[in-house]
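Where a number appears in this text, it was derived from the coordinates with a stated rule and is not lab data. Note that the structure is a prediction, hence the values are computed from the model and not measured. Positions of Cβ are backbone-derived with ideal geometry, glycine not excepted, and every protein chain shown enters the neighbour counts.
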Amino acid sequence: MQTPVTLLFLILLIPLISGILIGLFCRKQGALAMVLSVGSAGLQMALCLYLLWSEAWDGTTIHLNYEWMRLGLFSFNLGFLFDKNAALMLFVVNFVGFWIHLFSAGYMKDDEARGRFYLGMSIFMFSMTGLVISSNLMMMFIFWELVGFSSYMLIGHYLTKNAANAANKAFIVNRVGDFGFLIGIIWAYWVFGTTDIATLQSLVAQRPDLLITPISLLLIAGVLGKSAQVPLHVWLPDAMEGPTPVSALIHAATMVAAGVYLLGRIYFLYTPTALDAIILIGGITAVFAAICAFGTRDIKKILAYSTLSQLGYLVAAFGLGTEYGHRPEVIAEHGANAAALFGVGAANFHLTTHAFFKALLFLGAGSIIHALHHEQDIFKMGGLWKSMPVTSITFAVAVLAITGVPPLAGFHSKDAILYIAYLDNPITFYLLTGTAMLTALYMGRLWFVAFWGKPRSVNASHAHESSWVMLIPLIVLALYSALGGFMVMYPRALHFLLHDSVLHPEGASYTLMLAISLIAGIGGLVLAAVIYKPGAAEDRVQQKAPALYAFFASKLYFDEIYTFYVKKIQDRVAIILNFLDLFLVGGLLVRGSAGMVGLLGMISKLSLTGNIQTYVYWFLIGIIGFWLYATGVF
Amino acid sequence: MESLQHFLLNCFSQHSGLNSALLYAAILAPLIMGGLLIITDKLPASTEKLLASIGFAIPALIAIWLWSLYNASLGAPGIFNDGGWQFITTFDTGLSRLGISLKLGLNGISAPIYLLAGLVGAAAGFYAFNAKVENPRVYHGLLLIMLAGLMGAFSSIDIFFFYFFHELALIPTFIMLGLYGGRQSRSIALELTIYLTLGAMLSLTGLIVLYVKSGVNSFDLIALTTQLADKPLPENIQNYAFGMLLLGFGTLVSLWPLHSWAPRGYAAAPASTAMLHAGVLKKFGLLGLIQIAAPLIPMGAAHWAPLLMWLALGNVLIIGFVTMAQDDLKQMLGYSSVMHMGYIFLAFATLSTTGIGGAVTLMVAHGLSAALLFMLADMIERRTKNLDLGELGGLVRQAPTLAAFFVVATLASAGLPGFANFWGELTIFTALFGHSKLLAAGAIVGIVISAVYGLRAVSKIFFGEPTEPMSQFLKTNTITDLSAAEKRPAILLIFALLVIGFFPKLITESINAGARRLYADKPVMTATAQPTSPVASTQASH
């Protein structure tokens, strides 16, 4: 057992060491910081792949605990819980993480503050790895907050007012989610006497009566924040203010998936009511965000809404699968242990493929933005097939993958989700199928408008292909986006979750699912071409049906509602309380009542002399007098 | 590590006389240096600086040393120490007729606070060399006397001297506020003086009540504890004595609604004074409640705890909102400091080992982070001559290190993991939840509030483009990043926050041992499983 533990320690500590070195020595040496950060991410990936491919780890759960501090009844442990679920997430984080690091070596080449950028990236890799292998919820909460911190730091990278607002929004909205999450963790601690995930699982199995819905719901609050589910989704589109590699790594592939990972990590801690809530939240987010994607022209924002929608998919998939796995007839057919993992399997499979194609989409967008001198409006692009062939081809792969065209990765994983929805809950099935259609439609809009036709701006006509350091990550991710549905692409240790725990349709239902996928995917793309016209210079929906576009662009007024709350309620309450504090508590109550007891006379006399020292001298004389009296001098 | 532990244990057991003498030295060194600086006025500037440096450094070194020894002795075989008093030494003051003698020592709870006093003392002292004041000699002298008072108060076992040393630290505070304070400092100094003196007098009266009613004719806390454990005071006396102590100590620690002296006081005080007061001296009242009041008169504490909880929630929520409305940076920090006292009061009011443990941990952490923030705010003010959040902006370009430090300090204060404050807050929330779900939920709202006002300040000061007033200012002034002399004290505090943040056991072991001597574990866990035992375990399973 020693080797895998040592490897895990190394995988966790390498980015921390890189972060410390960059923080101490390389804040002004951007190139050195880049080498350290990219190098450490590469080493991390190499070790991770060695751990999983070489079978240094035999697939048994590694569970380590060490008491890190104790105060009274509160004891906090640090430890590893490395199981198949953690292994998959570690693979995703380290694998995608490295390629994005490599991409940023090219993308951030001319940035003034590369040191700070790579410091944030290294802190992120450390925190995210820690989050994945944490053995208990309190420890997970630590890394949960730390990924939030690195996200804050990187969103604010460009230091503009907008970046600052976006960074603050991300941190604060996440803290709102963490507020519930933390209460849930502490509640679980008092009920179960521990937050160790493995121990919790056996306790819940022994005493199912201890698990109550409020705890489950509070634990979901953390997911709402981190995985940006409605109504805490508002921070993610704004987070696109950060550099594009950050959007790819943190706000598309890994950190925002942490919420889904958490769901799977404690899949046994949800009551049926909580599962219904999960399905509802996920379903609403999936549809809502897909609609919003039609209301923006910014390539990164479209992708951000797409991420939101896909995260909703993942959350709903977890809820549906777990609920299905709780059914008596399913347990009878598959066994309780296997059935309990149907939700985790479906959600994590799509989480993995989504990480590949969404990272690829963002990096492709980054490649374009880089080439077009920070032009992000898709209607000002065009003609990219010729000028940027590699970017265009890999981007096309990602588009086909996310729309679920067979046999690309997205087809397999999305299919699994739709199938489980089909089995469990027809309404959600229609909802998610509709979302799949919408996904194809908005991805088609993005793709046909941005890539096809003639260049529609000066920047677009001067576009040229990015350097190889940026293209290699695109190619690798395109490979996985295309073939990620096949198990040969993954180490054996991951097959359990990606394959064995995923229900795939067979026979008649297979044909049905295939048909639905094709109609939704290809049909959506074709419809997009018809509606938006390849190479269009203007949004045709905006021109022909302005009301509909306005509805898309309104985003259901969530931001307006929150702004209203902050400006009209929170700020006013603060000002009123401040007024009360100054004039009532400080002015009347305290000073007034002090006057009542007759001190006012003494005070005003002292204040008339206007001299503090007077008062101090009196005090000293008093003390000396007391001393003399007490020692018996007089 | 083993040999270090062995060496420390050896020093602990072999040189107990020397270690006790160090407690005196930590008081006398700054006191003598401070006295010298105030009395003499013919010394060359370099000698003055040397004297002051010695005075600021010695307490810190002694504090680190004694705290290391104390930690090493915890649970060590042979000289098993479970959090009780160590390094005890007595000096006859001639007041034995009244039961007063200078008795010094450290226990599990006071040792980390003593360390805090030493560290913040050094940081505040060395930062003071940067201050541009009229009469630096007197300023440094007064700071040194304040530091002497702090080192004395936190190592006193005799409660009379506990109080006396507090006054020794408080009086220079008033004088510095009057002499070197900023805007309207006279009237603010007066208000602060009145509040704090009234608070101190009330707590002194309460302490005297304990002394008189206990009948031991001694101010010695150890003797009092033994006596009152044997023969507890009648409940009605406990109730009014604790009420008095709570009101007195509460005022000193800015319990809502007795806090109004704090924000403006800190905003007006010179930086090093605010650092020492907000960071360290304020902890006097809390230590009085934790070490003296509640253990000696537990029934009184239980009687007042429910009310105290609601007032403390006022600190967190009402003052939290008030903090959001502040436009003056230093005033905002003052309110933020008041808000965090609410957590500590809440935790204290649970009267449990968990709560007290969290409270003391947060006391140490808050001391470091509050001192750091006041220092950084002063650095901003010295550069921009402005503390109005509406008029600052874009400073990160001129002063990136200052910006980085400020972000770090803000997030530490907002309880980000990796910094000491997190452990205090997490433990406090856990303790509170075991006591009352509603209060815990109310207190946890604080993690959102502190993020809101902290990040608002960061973005207004450092991000974006310079505001109109700032661009005007920049036309005639240049803003530079931190000098080495400014960096050093900041790095000291950040380092301490990070080290405790990563290795909380450094302070929690002794705090836990100390809290267990005075308080009970409660409430009982509802579940079958108890917290996992402190063993490292490896297990493999499918």
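Taking every residue in B:191-201 and counting other chain Cβ atoms within 10 Å of its Cβ, the average works out to 3. Amide hydrogen proximity for A:Ser75: with H placed 1.01 Å from N in the peptide plane, no residue at 5 or more positions away or on another chain lies under 5 Å. Computed from the C-beta positions of A:Glu55 and B:Asn10 and an R0 of 41 Å, the FRET efficiency is 0.25 to the nearest 0.05. Reported to the nearest whole Å, the Cα centre-to-centre distance from segment B:462-499 to segment A:391-446 is 50. Relative contact order of segment A:322-393, taken over Cα pairs closer than 8 Å and 6 or more residues apart, is 21 percent. Charges on Cβ only, +1 for Lys and Arg, -1 for Asp and Glu, centred on the Cα centroid of chain A; of A:Ala515, A:Leu498, A:Leu311, which one is farthest towards the dipole's positive end? With unit charges placed on the Cβ atoms, the residue in question is A:Leu311. Among the listed pairs A:Lys301/A:Lys544; B:Lys132/B:Lys385; B:Lys385/B:Lys475; A:Lys226/A:Lys568, those with a Cα-Cα distance over 18 Å are A:Lys301/A:Lys544; A:Lys226/A:Lys568. Excluding same-chain neighbours fewer than eight residues apart, the lysines reachable from B:Lys522 by a Cα-Cα span under 16 Å are B:Lys437. Enumerate the residues in segment A:132-158 having an amide nitrogen under 18 Å from the point lying 7 Å beyond the Cα of B:Lys505 toward its Cβ. Those under the cut-off are A:135-136, A:139.
Segment A:Asp559..A:Asp276, full-extension length gain: 99.3 nm, with 0.36 nm per residue of separation and the alpha-carbon distance subtracted. Of the residues A:Gly382, A:Ala293, A:Thr403, the one whose Cα sits farthest towards the positive end of the charge dipole of segment A:280-417 is A:Gly382 (charges of +1 on Lys and Arg Cβ, -1 on Asp and Glu Cβ, taken about the Cα centre).
Compared with the dominant principal axis of the Cα atoms in chain A, helix A:612-630 is inclined by about 60°. For chain A, the longest principal axis of the Cα atoms and the long axis of helix A:114-133 meet at an angle of about 80 degrees.
Below 22 Å, Cα to Cα, which lysines can B:Lys231 reach? Residues fewer than 8 away in the same chain don't count. Correct list for B:Lys231: B:Lys213. With both residues required to sit in chain B, DSSP beta bridges show an antiparallel share near 80%.
Legend: residue pairs B:Lys103/B:Lys505; A:Lys567/B:Lys460; B:Lys42/B:Lys487; A:Lys300/A:Lys380; A:Lys567/B:Lys330; B:Lys330/B:Lys505, Cα-Cα distance threshold 21 Å; pairs beyond threshold, B:Lys103/B:Lys505; B:Lys42/B:Lys487; A:Lys567/B:Lys330; B:Lys330/B:Lys505.
Within the same chain, aspartates and glutamates fewer than 8 places from B:Lys49 are excluded, and of the rest, those with a Cα less than 17 Å from its Cα are B:Asp41, B:Glu134, B:Glu486. Helix A:84-107 sits at what angle to the longest principal axis of chain A, using alpha carbons and giving 0 to 90 degrees rounded to 10? So the inclination is approximately 90 degrees.
With both residues required to sit in the protein assembly as shown, DSSP beta bridges show an antiparallel share near 90%.
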